[in-house]
Amino acid sequence: MQLRLSPTSPFARKVRVAAALLGQTLELEPADTLNPGDTLRSQNPLGKVPTLVTADGEVLFDSSVILAYLDHLAGGHRIVPAEPKARFAALRKEALADGMMDAGILVLYEARFRPQEKHEPKWLEHQSQKMARALAAFEAEAAPFAAPATVGDIALGCALGWFDFRFGGAWRADHPRLVAWYEGFVQACPGFEASKPVA
Ligand SMILES: N[C@@H](CCC(=O)N[C@@H](CS)C(=O)NCC(=O)O)C(=O)O
């Protein structure tokens with residue numbers, strides 16, 4: 001399976017961490033999301049990473065679909081729990097962590113795509129508030145990390161790792177229970193350190 005990725009993408013990191021947990025091997029093929037000539041856009045009309053080319057040559061996106069597919073390949077119910085209550089809790093956690101990353105990406109892209117004088121403070125505040133509310137919600141429900149990691153844990157770990165990378169770890173100060181959860185998660189997931197984003 002080939003994973004089209006950017007090495008700093010937290011969504012692509014979800015896929016790498018899941019594959020490592022499930023004992024699956026991925027061929028990593030960097031994609032340039034800004035290059036109209038990159039084959040990524042013919043593989044995924046949205047031109048986003050992660051995009052997975054399966055062993056059968058089919059193309060899957062986005063990260064949550066790819067994680068569900070990897071879980072299926074591994075026999076099922078390894079990172080997506082079977083029991084309904086646990087299953088929907090894990091999927092909800094993944095959605096909240098993904099949404100927190102989406103908000104962070106929009107903040108980052110404001111700086112990347114618009115000159116400083118055209119930044120829209122109201123928009124940046126709108127996105128930052130989403131991140132703050134999601135972090136507060138995770139803090140409120142944080143308990144020590146307990147294996148096995150679910151898709152929700154993987155997404156949350158990748159979101160927090162990316163906040164460290166892009167926003168200097170500012171989230172840590174007000175979220176001590178989440179910091180403790182994160183430390184437990186990092187130790188339990190060998191593929192996590194290996195996929196750490198580097199500038
Ligand atoms: N919902 C998507 C989000 C993926 C995403 O936003 N990827 C970013 C990189 S972190 C991207 O490809 N951006 C390029 C673009 O938007 O054109 C997922 O879960 O995979």
Revision key, fill the gap. Those residues of segment 3-26 which are more than 14 Å from the ligand (Cβ to nearest atom), touching a Leu at 6+ places or on another chain (Cβ under 7 Å) and either open to solvent by 10 Å² or more (accessible area, probe 1.4 Å) or in a strand (DSSP E or B) (or both) amount to Leu22, Gln24, Leu26
Review point. What residue, of Leu46, Leu135, is near the ligand (Cβ under 10 Å from one of its atoms) and at pLDDT 95 or above?
Key: Leu46
Point to revise | Hits in segment 133-148 - residues which are in contact with a helix residue (DSSP H, G or I) (Cβ under 6 Å, 6 or more places away or on another chain) and assigned to a loop (DSSP other than H, G, I, E, B) | key: Ala142, Pro144, Phe145, Ala147
Review point. If you check Gly99, Gly152, which single one turns out to be within 13 Å of the ligand (Cβ to nearest atom) and open to solvent by less than 60 Å² (accessible area, probe 1.4 Å)?
Key: Gly99
Check your understanding: Of all residues in segment 102-123, which are open to solvent by less than 40 Å² (accessible area, probe 1.4 Å) and among the aliphatic types (A, V, I, L, M)?
Key -> Ala103, Ile105, Val107, Leu108
Practice item. For segment 90-112, indicate whether the set of residues that are more than 22 Å from Lys48 (Cβ to Cβ), free of Cβ contacts under 8 Å to residues at least 40 places away in the same chain and either of a type in the set (Asp, Glu) or out of contact with any Leu (no Cβ under 8 Å at 6 or more places or on another chain) (or both) is non-empty. Key: no
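Can you go through Tyr69, Tyr109 and tell me which one is hydroxyl-bearing (Ser, Thr, Tyr) and either at positive phi or assigned by TED's automatic domain parsing to the domain that holds Arg133 (or both)?
Exactly one of Tyr69, Tyr109 is hydroxyl-bearing (Ser, Thr, Tyr) and either at positive phi or assigned by TED's automatic domain parsing to the domain that holds Arg133 (or both), namely Tyr109.
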Point to revise | Breaking point among (1) open to solvent by 40 Å² or more (accessible area, probe 1.4 Å); (2) farther than 22 Å from Cys158 by Cα, for Thr54 | key: (1)
Check your understanding: Gln43 passes all but one of (1) within 19 Å of Glu27 (Cα to Cα); (2) open to solvent by less than 30 Å² (accessible area, probe 1.4 Å); which number fails?
Key -> (2)
Check your understanding: Leu52 fails exactly one of the following numbered conditions: (1) under 20 Å from Gly99 (Cα atoms); (2) in contact (Cβ under 8 Å) with a residue 12 or more places away in the chain; (3) within 11 Å of the ligand (Cβ to nearest atom). What is the number of that condition?
Key -> (1)
Revision key, fill the gap. Taking first residues from segment 60-89 that are among the basic types (Lys, Arg) and second residues anywhere that are open to solvent by 80 Å² or more (accessible area, probe 1.4 Å) and part of a loop (DSSP other than H, G, I, E, B), the pairs with Cβ under 9 Å that are 6 or more apart or on different chains are Arg78/Pro148; Arg87/His77
Check your understanding: Which condition number does Phe61 fail, the rest of (1) open to solvent by 40 Å² or more (accessible area, probe 1.4 Å); (2) more than 15 Å from the ligand (Cβ to nearest atom); (3) outside the structural domain of Val186 (by TED's automatic domain parsing); (4) under 24 Å from Gly161 (Cβ atoms) being met?
Key -> (2)
Check your understanding: Within the bounds of segment 80-90, is there any residue that is buried (at least 20 other Cβ atoms within 10 Å of the Cβ), in a helix (DSSP H, G or I) and either out of contact with any His (no Cβ under 7 Å at 6 or more places or on another chain) or not assigned by TED's automatic domain parsing to the domain that holds Arg166 (or both)?
Key -> yes
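The values are calculated or read from the model by the stated rules, or taken from the named source; none is laboratory data. Fair warning: this is a prediction, and the values are worked out from it, not measured in the lab. Because the Cβ atoms are built from the backbone with ideal geometry, glycine has one as well, and the counts that use them run over all protein chains shown. Only protein heavy atoms, including side chains, enter the accessible area calculation; ligands, DNA and RNA are left aside. Shrake-Rupley method; radii C 1.70, N 1.55, O 1.52, S 1.80 Å.
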